[in-house]
């Protein structure tokens, strides 16, 4: 049976050797976490299987800092949950494993962008009333929080694209990161709630001669351009897009 490393200290401070061991174990666990996510299909599915909070798993995965400023790590309790949920042997999380990538594939990988915040993935109905609920909004247990690779306001949110009206630039299932504090200038892609609907819609904003229009990018879409009145609510501007692969 594989035993997890036992860290002991002989004074008020850990030795440099112990800290080095802890960092190494944490890096191994993070690598193995990515393997489990790939095997499970998504981080959300893995979190559900392990009966843990998906938002916390995202924070650990992206090494977001704790209140003390140290990166969040995979503790022993979470490691055990992940092993049991994926039917791995005890101690599997603490041992190096190959993820099946060839050397050429590994060399093709580049460092990703810096992550700035975690944003809630919400519904289009919630987006339509976001200016009313954002201050009191609290993600439900298990709700998906997604890391944002660009700077945005604390009231920003994420939506999943529906339909084909914004093809070929945006496709069904793509994730759009929306910031309510960005100025809705001409040509920007915006999320708007129309007066006659409690849901929001997603289009390109066109401003001409003091009038506002919403434009669908799909050339085959019926009624591609519609005029909106002054009472339509712009819920935010798209600041980043994540494609589904």
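The values are calculated or read from the model by the stated rules, or taken from the named source; none is laboratory data. Owing to the predicted nature of the structure, the values given are computational and were not obtained by experimental measurement. Every residue, glycine as well, gets a Cβ built from its backbone with ideal geometry; the counts of neighbours run over all protein chains shown.
Is there a residue being within 28 Å of the chain's Cα centre (by Cα), closer than 17 Å to residue 169 by Cα and crowded, with 19+ Cβ neighbours inside 10 Å anywhere in segment 214-229? Yes, segment 214-229 has at least one match.
For segment 170-210, what are the residues that are out of contact with any strand residue (DSSP E or B) (no Cβ under 6 Å at 6 or more places or on another chain) and in a strand (DSSP E or B)? Within segment 170-210, 207, 208 meet the criteria.
Taken together, the residues in segment 226-245 that are farther than 22 Å from residue 149 by Cα and either in a strand (DSSP E or B) or touching a helix residue (DSSP H, G or I) at 6+ places or on another chain (Cβ under 8 Å) (or both) amount to 5.
Any residue at all in segment 132-140 that is in a loop (DSSP other than H, G, I, E, B), modelled with pLDDT under 90 and more than 27 Å from residue 48 (Cβ to Cβ)? Yes; the residues of segment 132-140 include at least one that is in a loop (DSSP other than H, G, I, E, B), modelled with pLDDT under 90 and more than 27 Å from residue 48 (Cβ to Cβ).
Taking the condition within 23 Å of residue 158 (Cβ to Cβ) and part of a loop (DSSP other than H, G, I, E, B), does residue 223 pass? So residue 223 does not fit the description; no. Within segment 75-96, residues that are at positive phi have Cβ atoms under 8 Å from residues that are in a helix (DSSP H, G or I) in these pairs: 91/83, counting only partners at least 6 apart in sequence or on another chain.
Taken residue by residue, segment 41-49 has at least one member that is at pLDDT 85 or above, buried (at least 18 other Cβ atoms within 10 Å of the Cβ) and either part of a helix (DSSP H, G or I) or in contact with a helix residue (DSSP H, G or I) (Cβ under 7 Å, 6 or more places away or on another chain) (or both).
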